[in-house]
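First up is the structure itself, then whatever we jot down about it.
The values are calculated or read from the model by the stated rules, or taken from the named source; none is laboratory data. Quick caveat, the model's predicted, so the values are computed rather than measured. Using ideal geometry, Cβ is built from the backbone for each residue, glycine included, and neighbour counts are taken over all protein chains shown. Note: areas computed on protein heavy atoms with side chains; ligands, DNA, RNA excluded. Shrake-Rupley method; radii C 1.70, N 1.55, O 1.52, S 1.80 Å.
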Amino acid sequence: MDIDWQGAFAETSELSVHYVRAGRGEPVIFLHGWPEFARTWVHNLPVLADHFDCIAPEFRGFGRTVSKVPRPESGTPPQQLAKDLAAFADALGLKRFAIVSHDVGSFVAQTLALAFPERVSKLFFFNCAYPGIGKRWGESQNFPELWYQQFHQKEFAASLVGSSREAARIYYRHFLTHWSHQKHAFDDFLEEWIDNFMLPGNIQGGFDWYTGVAQFRRRMMREGAFTIPKIAAPTHVLCGRHYPVFQYAWTDKLVDYFADVTL
C-alpha cells in the first residue's frame with residue numbers, strides 16, 4: 001500500500017501532533033524511539049496497512065510535532081509522553097488500540113498500559129526497556145554503550161551536535177550504523193534523518209527525553225528491579241540478538257511485569 005508520508009496533524013491542548021496514518025481494521029499505534037521519527041516505520045507500514053489501521057505519531061520534540069507550551073527544563077519523562085499519547089488518541093477518537101513500540105516508545109507504551117489498561121488491547125515491543133533490568137543498567141561493562149545517555153543531558157550537547165550539518169551527520173550516522181546489524185541499512189535514508197533532526201529544536205527535543213527518563217534509570221541502578229503492577233494486555237517481545245544497548249539476558253524478568261507475555 002502507498003503511504004502518504006506527509007501525514008497530518010492532530011490537535012491536543014499542548015501539541016499539534018504530526019502523524020502518518022494508513023490502512024483499515026484494528027487500530028495500531030506505532031511509537032518510535034531515538035534517534036527517530038515516523039519514517040522509522042518506512043518498511044513496516046506499507047505491509048501492515050493491508051491488515052490494520054496503522055497510526056504513527058511523532059513525540060514532542062521529535063519530527064514535525066509542534067509544542068504549544070514552553071519546553072520543560074526537566075525534560076520529557078515517560079509520564080508526559082504517555083499523557084501526550086492519550087490526548088492524541090482522544091483527538092483521533094480512539095477508545096482502544098494496540099501499540100507497537102521500542103526504545104523511547106517502549107517506556108511510553110508501558111506507562112500508558114498501566115495508567116489506562118482499558119485502552120490498550122495488545123502490546124508488541126522491539127527490545128523492551130522495563131524495570132526488571134534493574135541494577136544491570138548501570139554495570140561498568142555497559143558504559144561503552146550507554147555513554148550517550150549521560151552526554152545528552154549536558155546543556156551544551158545539542159549545540160555541539162547541531163553546530164553544523166556535518167557534525168549532526170557524523171553523530172547520527174554513528175548510531176544508525178552501530179545499532180544496525182546490517183551496517184548499511186540507513187545508507188539511503190541518512191540525509192532524510194539529518195534533515196529531520198536539523199529542524200529547529202529537534203536535536204534538543206530528542207535529548208530532552210534522556211533528561212526526563214534519568215530519574216527512572218537512576219532508580220533502577222540504585223534499587224534494582226522494583227515492583228509495580230503487571231500489565232494485563234497480551235504482549236509479544238522481539239529482542240535483537242545483535243543490538244548492543246539492550247542485552248537479551250535482560251529479558252529474564254519480563255514475566256514479573258507482564259501477565260501474558262511471549263518472548
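Odds and ends about this structure:
- Selection from the range 24-40 of residues that are of a type outside the set (D, E, K, R) and surrounded by 20 or more Cβ atoms within 10 Å (Cβ to Cβ): P27, V28, I29, F30, L31, H32, G33, W34, P35, F37, A38, T40
- Scanning the range 62-82 for residues that are part of a loop (DSSP other than H, G, I, E, B) and surrounded by fewer than 23 Cβ atoms within 10 Å (Cβ to Cβ) yields R64, K68, V69, P70, R71, P72, E73, S74, G75, P77.
- Residue, modelled with the lowest pLDDT, within the range 103-140, restricted to residues that are part of a strand (DSSP E or B) and in contact with a Ser or Thr (Cβ under 9 Å, 6 or more places away or on another chain): F126
- The range 152-162: number of residues that are surrounded by 13 or more Cβ atoms within 10 Å (Cβ to Cβ) and either within 23 Å of W137 (Cβ to Cβ) or of a type in the set (S, T, Y) (or both): 4
- Members of the range 13-61 found to be closer than 19 Å to L123 by Cβ, in a loop (DSSP other than H, G, I, E, B) and acidic (D, E), listed by number: E26, E36
Table: residues versus (1) surrounded by 15 or more Cβ atoms within 10 Å (Cβ to Cβ); (2) aromatic (F, W, Y); (3) assigned to a loop (DSSP other than H, G, I, E, B).
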position	(1), (2), (3)
A185	no, no, yes
Y210	yes, yes, no
A214	yes, no, no
R218	no, no, no
A225	yes, no, yes
V237	yes, no, no
D252	no, no, no
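- Within the range 190-249, tally of residues that are acidic (D, E) and farther than 30 Å from F156 by Cβ: 1
Residue-by-condition table, conditions (1) acidic (D, E); (2) farther than 25 Å from Q79 by Cα; (3) touching a Ser or Thr at 6+ places or on another chain (Cβ under 7 Å):
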{"residue": "T177", "(1), (2), (3)": "no, yes, no"}
{"residue": "Q215", "(1), (2), (3)": "no, no, no"}
{"residue": "I228", "(1), (2), (3)": "no, no, no"}
{"residue": "V237", "(1), (2), (3)": "no, no, yes"}
{"residue": "H242", "(1), (2), (3)": "no, yes, no"}
{"residue": "V255", "(1), (2), (3)": "no, no, no"}
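- Only one of the numbered conditions (1) more than 19 Å from the chain's Cα centre (by Cα); (2) open to solvent by less than 20 Å² (accessible area, probe 1.4 Å); (3) of a type outside the set (A, V, I, L, M) is not met by Q149, and that is (1).
- Extreme residue, surrounded by the most Cβ atoms within 10 Å (Cβ to Cβ), among residues of the range 96-118 that are of a type outside the set (V, I, T) and in contact with a helix residue (DSSP H, G or I) (Cβ under 7 Å, 6 or more places away or on another chain): L112
- Sole residue being modelled with pLDDT under 95, closer than 19 Å to Q149 by Cβ and hydrophobic (A, V, I, L, M, F, W, C), chosen from F207, F246: F246
- Listed conditions (1) in contact with a helix residue (DSSP H, G or I) (Cβ under 9 Å, 6 or more places away or on another chain); (2) open to solvent by 30 Å² or more (accessible area, probe 1.4 Å) are all met by L92, apart from (1).
- Taken as a whole, the range 168-177 holds at least one residue that is among the small types (G, A, S), open to solvent by less than 50 Å² (accessible area, probe 1.4 Å) and without any contact (Cβ under 8 Å) to a residue 40 or more places away in the chain.
- Pairing residues of the range 124-141 that are within 17 Å of Q215 (Cα to Cα) with residues that are open to solvent by 60 Å² or more (accessible area, probe 1.4 Å), at Cβ distances under 7 Å and at least 6 apart in sequence or on separate chains, gives G132/K253; G132/D256; K135/M221; W137/M221; G138/M221.
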